[in-house]
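Structure record follows, encoded as structure tokens.
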Amino acid sequence: MLEGRTCTLLLSLEVAARRPASDWAQRALDAHHAAGDEAALASTLGTLGGRHWFSHRFDEAAATYERAVRLHRTHGNERNAAVAMGNLAMVQSERGRHGEAQDLLQQALALHRAHGDRVHEATTLVHLGMLALKEQRYDDAAATLGEADRLARASGQGPRRIAHAAYLRGAALALHGRLAEARTALASSRLWADRAALAFPLQRQLQAWVQAHSGRPEDALQLLQLHPATPTAREERVSGVLRGLLLTTLGQQGLLDRAHAETEARQLLRSARRAFRRELPISEGWRYLERLEHTLHAP
């Protein structure tokens with residue numbers, strides 16, 4: 001049993017560091033199976049599902065999480081089953097199975113509430129909000145993420161989580177054209193991100209874009225100059241598209257050289273297109289891509 005738990009720990013460290021796969025997973029599974037320790041087996045499956053998820057092996061991740069849910073429920077561990085269901089829901093969302101993801105998240109939410117688990121309740125609300133964003137249900141997304149934001153604060157969660165929930169709510173409001181509310185949500189997100197010493201380039205770029213479209217182009221320009229973003233990681237690629245939108249808008253408003261701004265925006269657009277083709281896209285990112293393409297073709 002000690003060998004199995006040691007292998008699980010090493011697997012967890014690999015997943016946390018997002019390192020390449022090794023044989024720790026299979027060794028842990030074999031050891032737990034041999035020992036008849038199905039609770040530890042279910043926990044290891046949950047960790048292994050995370051590694052498949054981070055590696056974009058979504059079919060394997062779904063199968064692994066489904067097995068973890070079954071084992072947890074067999075042993076009456078509904079709390080851990082709810083966590084595994086939430087992870088399975090996000091994988092199913094990546095696979096385009098949004099209806100199934102919605103059902104799983106609602107089941108997980110009910111279980112977390114039944115057990116008084118406010119931390120996972122807030123996390124599940126964030127996931128429901130993200131799903132609504134993907135489906136362009138912006139009113140639902142804003143309401144759900146607002147509830148997640150309030151609960152995260154009330155339950156004393158860390159500033160990173162609160163900043164993320166407030167940012168997502170701001171994104172939903174901005175995409176729905178509710179710019180004044182978006183400004184408030186994004187300003188709150190920035191305050192919490194600063195408390196966590198979190199750069200959060202995506203939040204800064206969206207905040208600048210909202211400022212530019214709210215009659216505050218000088219504030220947008222200041223954010224753009226103080227906090228340039230280079231699209232590299234998945235989140236930062238969306239940030240790059242937002243930067244392209246912002247450059248184009250400020251060029252059209254005469255605050256930047258229009259030709260230079262649009263040249264850089266086109267480069268960011270090409271980079272984002274190539275990047276998003278290599279993986280399942282975030283719908284939010286595609287939405288921004290469409291807006292940038294439309295803006296660049298505007299007179």
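The values are calculated or read from the model by the stated rules, or taken from the named source; none is laboratory data. Just so it is clear, the structure is predicted and the values come from calculations on it, not from any experiment. Using ideal geometry, Cβ is built from the backbone for each residue, glycine included, and neighbour counts are taken over all protein chains shown.
If we scan the range 187-196, do we find a residue that is at pLDDT 85 or above, part of a loop (DSSP other than H, G, I, E, B), of a type in the set (Gly, Ala, Ser) and surrounded by fewer than 18 Cβ atoms within 10 Å (Cβ to Cβ)?
Within the range 187-196, the first condition is being at pLDDT 85 or above, and the residues that meet it are 187-196.
Then drop every residue that is not part of a loop (DSSP other than H, G, I, E, B), which leaves 196.
Retained after the next criterion (residues that are of a type in the set (Gly, Ala, Ser)): 196.
When the remaining residues are screened for being surrounded by fewer than 18 Cβ atoms within 10 Å (Cβ to Cβ), the result is 196.
Yes, that holds for at least one residue.
Between a residue in the range 181-205 that is under 19 Å from Gly244 (Cα atoms) and any residue that is not in a helix (DSSP H, G or I), which pairs come within a Cβ distance under 6 Å, given they are 6 or more apart or on different chains?
Close Cβ pairs (under 6 Å, with a partner that is not in a helix (DSSP H, G or I)) amount to Pro201/Ala229; Arg204/His227; Gln205/Ala229.
Could you please find all residues in the range 156-182 being assigned to a helix (DSSP H, G or I), over 22 Å from Ala196 (Cα atoms) and among the small types (Gly, Ala, Ser)?
Taking the range 156-182 and keeping what is assigned to a helix (DSSP H, G or I), we get 159-175, 179-182.
After this cut, where a residue has to be over 22 Å from Ala196 (Cα atoms) as well, the list is 172-175, 179-181.
Matches in the range 156-182: Ala172, Ala174, Ala180.
In this structure, is Ala166 of a type in the set (A, V, I, L, M) and more than 20 Å from Pro217 (Cβ to Cβ)? Give the derivation first.
On the way: of a type in the set (A, V, I, L, M): yes; more than 20 Å from Pro217 (Cβ to Cβ): yes.
Yes: the conditions hold for Ala166.
Take the conditions among the hydrophobic types (A, V, I, L, M, F, W, C), closer than 16 Å to Leu186 by Cβ and modelled with pLDDT under 80 and apply them to Val238. Does it pass? So that I can check it myself, show each step before the final result.
Details: among the hydrophobic types (A, V, I, L, M, F, W, C): yes; closer than 16 Å to Leu186 by Cβ: yes; modelled with pLDDT under 80: yes.
Yes: the conditions hold for Val238.
Within the range 132-155, how many residues turn out to be assigned to a helix (DSSP H, G or I), without any contact (Cβ under 8 Å) to a residue 60 or more places away in the chain and surrounded by fewer than 23 Cβ atoms within 10 Å (Cβ to Cβ)?
The initial filter retains those residues of the range 132-155 that are assigned to a helix (DSSP H, G or I), namely 132-134, 138-154.
Adding the requirement that they be without any contact (Cβ under 8 Å) to a residue 60 or more places away in the chain leaves 132, 138-154.
Next, only the ones that are surrounded by fewer than 23 Cβ atoms within 10 Å (Cβ to Cβ) stay: 132, 138-140, 143, 146-147, 150-151, 153-154.
Total meeting the criteria: 11.
Closer than 22 Å to Met130 by Cβ and in contact (Cβ under 8 Å) with a residue 24 or more places away in the chain: is that true of His72 in this structure?
Details: closer than 22 Å to Met130 by Cβ: no; in contact (Cβ under 8 Å) with a residue 24 or more places away in the chain: yes.
Spelling it out, it is not the case that His72 is closer than 22 Å to Met130 by Cβ and in contact (Cβ under 8 Å) with a residue 24 or more places away in the chain.
Listed here are the residues, each with its yes/no results for (1) of a type outside the set (D, E, K, R); (2) buried (at least 22 other Cβ atoms within 10 Å of the Cβ); (3) over 21 Å from the mean Cα position of the chain (by Cα); (4) at pLDDT below 85.
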position	(1), (2), (3), (4)
Glu14	no, no, no, yes
Ala39	yes, no, yes, yes
Gly50	yes, no, no, yes
Phe58	yes, no, no, no
Arg79	no, no, yes, no
Gly96	yes, no, no, no
